[in-house]
Amino acid sequence: MKRLLLVGGGHAQLAVLQALARRRPRAVEAVLLTPSPWQWYSGMLPAWMAGHCRAEDCCIDLRPLAAAAGARLCLASAVALDAGRHALRDDSGATHDFDLLSLDVGSLVDTRALDALPTDSLLAVKPLQAFFAAWPQRLAAARAGRLRRL
């Protein structure tokens with residue numbers, strides 16, 4: 001039995017889960033390690049910002065996809081990788097051994113680089129979940145003229 005560890009719930013992992021659901025190989029144990037059961041779809045972000053759809057329309061529920069693929073869903077974030085030992089540690093302290101590893105963790109903004117700028121004038125897009133949460137308030141503040149200009 002080979003253990004496939006899928007880290008992150010990004011677009012590449014969606015394709016892997018879909019392939020596993022279609023084929024369901026017997027000799028593969030799959031684990032999806034991701035901090036959220038939801039994958040926010042960046043391609044829908046402009047439509048949501050323009051008011052053409054709801055935030056709920058922009059996220060994909062990973063739970064049924066993992067279940068259809070026969071993958072165990074583990075809600076945690078990867079914090080350390082030991083490629084030589086084929087092991088990964090998550091933020092709960094658990095270790096995940098693997099034979100095959102797929103990394104699709106996306107990107108984050110290093111907000112320390114933005115510390116000198118007025119925080120009410122900037123909004124990082126990544127992580128998307130935080131952007132979706134903050135955008136409505138930021139838009140309302142902008143419409144009310146409460147944001148400083150750079």
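Some notes on this structure:
- Every pair of different Cα atoms in the chain enters the Kirkwood calculation, which places the hydrodynamic radius at 17.4 Å.
- Cβ-derived FRET efficiency at R0 35 Å, Arg85 paired with His11, nearest 0.05: 0.80
- Extension gain for Ala124-Asp61 works out to 20.4 nm (0.36 nm per residue, less the C-alpha to C-alpha distance).
- Solvent-accessible area, 1.4 Å probe, carbon plus sulfur percent, for the chain: 55 percent
- For the chain, the solvent-accessible area works out to 62 Å² per residue, with a probe of 1.4 Å and every protein chain left in place.
- FRET efficiency, 1/(1 + (r/R0)^6) with R0 35 Å, evaluated for Tyr41 and Leu147 via beta carbons: 0.85
The values are calculated or read from the model by the stated rules, or taken from the named source; none is laboratory data. What you are looking at is a predicted structure, and each value in this text was computed from that prediction instead of being measured. Cβ sites come from the backbone with ideal geometry, for glycine too, and all protein chains shown count toward neighbours. For accessibility, only protein heavy atoms count, side chains too; no ligands or nucleic acids. Shrake-Rupley method; radii C 1.70, N 1.55, O 1.52, S 1.80 Å.
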